[in-house]
1. Under 6 Å by Cβ, and 6 or more places apart or on different chains, what pairs join a residue from region 122-141 that is of a type in the set (V, I, T) with one that is surrounded by fewer than 17 Cβ atoms within 10 Å (Cβ to Cβ) and not in a loop (DSSP other than H, G, I, E, B)?
2. Looking only at region 142-166, which residues are open to solvent by less than 10 Å² (accessible area, probe 1.4 Å) and without any contact (Cβ under 8 Å) to a residue 60 or more places away in the chain?
3. Suppose we filter region 1-34 for residues that are at pLDDT below 95, open to solvent by 10 Å² or more (accessible area, probe 1.4 Å) and more than 19 Å from P207 (Cβ to Cβ); how many remain?
4. From the set of residues in region 186-205 that are within 12 Å of W154 (Cβ to Cβ) and of a type outside the set (S, T, Y), which is most open to solvent (accessible area, probe 1.4 Å)?
5. Please go through region 167-178 and give me each residue that is touching a Phe, Trp or Tyr at 6+ places or on another chain (Cβ under 7 Å) and either of a type in the set (A, V, I, L, M) or open to solvent by 10 Å² or more (accessible area, probe 1.4 Å) (or both), ordered by number.
6. Of the numbered conditions (1) touching a Leu at 6+ places or on another chain (Cβ under 8 Å); (2) more than 25 Å from I171 (Cα to Cα), K88 fails exactly one; give the number of that condition.
7. Go through A66, A121, A40 for me and flag whichever is on the phi < 0 side of the Ramachandran plot and touching a Pro at 6+ places or on another chain (Cβ under 9 Å).
8. Looking only at residues that are within 22 Å of R71 (Cβ to Cβ) and among the hydrophobic types (A, V, I, L, M, F, W, C) in region 100-128, which one is surrounded by the fewest Cβ atoms within 10 Å (Cβ to Cβ)?
Amino acid sequence: MKFRYLGNSGLKVSELTYGNWLTHGSQVENDTATRCVRAALDVGISSFDTADVYANTQAETVLGEALKGERRESLEIFTKVYGPTGPKGHNDTGLSRKHITESINGSLTRLQTDYVDLYQAHRYDVETPLDETMETFADLVRQGKVLYIGVSEWNAEQLREAHALARELKIQLVSNQPEYSLLWRVIEGEVVPASAELGISQIVWSPVAQGVLTGKYKVGAELPQGSRATDQKGGAGMIERWLRDDVLDAVAQLEPIAADLGLTQAQLSLAWVLSNENVASAIIGASRPEQVESNAKASGVTLEADVLSRIESIFDGLAETDPRKTQMPSGREA
């Protein structure tokens with residue numbers, strides 16, 4: 001496993017981060033989730049990403065149990081705040097001082113740790129002044145509950161505003177967590193250039209497009225039994241947009257390229273994401289330990305310029321690149 005600096009900081013994270021969205025506390029049994037975490041540790045993954053909203057707090061609880069007994073200093077634990085938890089009362093969501101303060105305390109208890117390495121604003125909150133949010137984050141840093149601050153799915157303008165406030169408050173805003181893959185490249189036009197200028201890294205989610213880039217879905221074929229595309233609670237709605245013949249035809253063209261390099265299509269897709277220098281880490285999920293072990297082999301893979309050119313020509317005109325697709329919620333859910 002290789003490691004990269006997170007933003008303009010001294011913190012190193014593993015090139016692959018183990019994430020438990022859609023799996024822990026919901027899609028897979030707890031013992032399987034624990035075996036996946038153990039597999040991640042065994043292959044050298046040290047970074048783990050979760051959020052209080054995943055499975056309505058249960059994902060944090062499962063991760064905390066799975067990591068119990070590990071040397072805390074050897075791990076980088078990330079979680080997030082914004083979405084509604086609990087009974088979804090009027091203050092159970094957003095980035096207000098009240099919700100952030102209560103959320104971090106709950107997250108630390110569930111994760112069984114005194115601090116998180118990275119605390120991320122899961123979305124931009126149009127109902128809370130950014131000053132209030134950033135000042136609250138700064139307080140958590142000074143209290144020792146949080147080491148670094150990140151955000152998720154913020155656009156370039158929002159990143160600039162938050163970074164300026166972070167500098168004034170003398171805290172480090174080091175990361176953004178956007179969706180990014182061969183099929184979803186909306187961050188490349190504005191977010192990545194702004195982030196590179198500001199010293200912010202991307203920790204990207206869905207680098208294999210919810211499994212579509214693995215090649216498991218074929219033109220004209222039935223959806224594989226037990227796959228995410230058949231699970232209405234496990235992301236089927238998100239995958240549906242990619243299950244078009246033109247997209248699946250393009251994905252199939254990755255197979256010979258991957259084979260020539262001795263890689264699986266998933267490994268190739270992860271290596272492509274990691275070829276972007278602004279990406280510090282790609283988040284992988286798993287429902288089986290074998291998936292973790294296989295995907296980990298993407299770390300350290302270097303794709304030559306001719307290979308990158310071939311890959312990008314396949315997806316020319318298919319990938320979504322409009323920076324306006326990075327959208328903030330119009331308001332809080334509760």
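1. Cβ pairs passing all conditions: T136/R97.
2. Result: V146, I149, V151, L159, A162, A166.
3. Taking region 1-34 as the starting set, the residues that turn out to be at pLDDT below 95 are 20-34.
Remaining after also requiring open to solvent by 10 Å² or more (accessible area, probe 1.4 Å): 21-22, 25-32, 34.
Now narrow it down to the ones that are more than 19 Å from P207 (Cβ to Cβ): 25-26, 28-32, 34.
Residues meeting the conditions: 8.
4. Here the residue is E190.
5. Scanning region 167-178 gives I171, Q172, V174.
6. (1)
7. Numbers: A66 fails: touching a Pro at 6+ places or on another chain (Cβ under 9 Å); A121 fails: touching a Pro at 6+ places or on another chain (Cβ under 9 Å).
A40 is the lone residue from the list that is on the phi < 0 side of the Ramachandran plot and touching a Pro at 6+ places or on another chain (Cβ under 9 Å).
8. L108
The values are calculated or read from the model by the stated rules, or taken from the named source; none is laboratory data. The shown structure was predicted, so the numbers you read here are calculated from the model rather than taken from an experiment. In this analysis, Cβ positions are derived from the backbone assuming ideal geometry, glycine residues included, and neighbour counts consider all displayed protein chains. The protein model used for the area step is the full one, side chains on, heavy atoms only, and it has no ligands, DNA or RNA in it. Shrake-Rupley method; radii C 1.70, N 1.55, O 1.52, S 1.80 Å.
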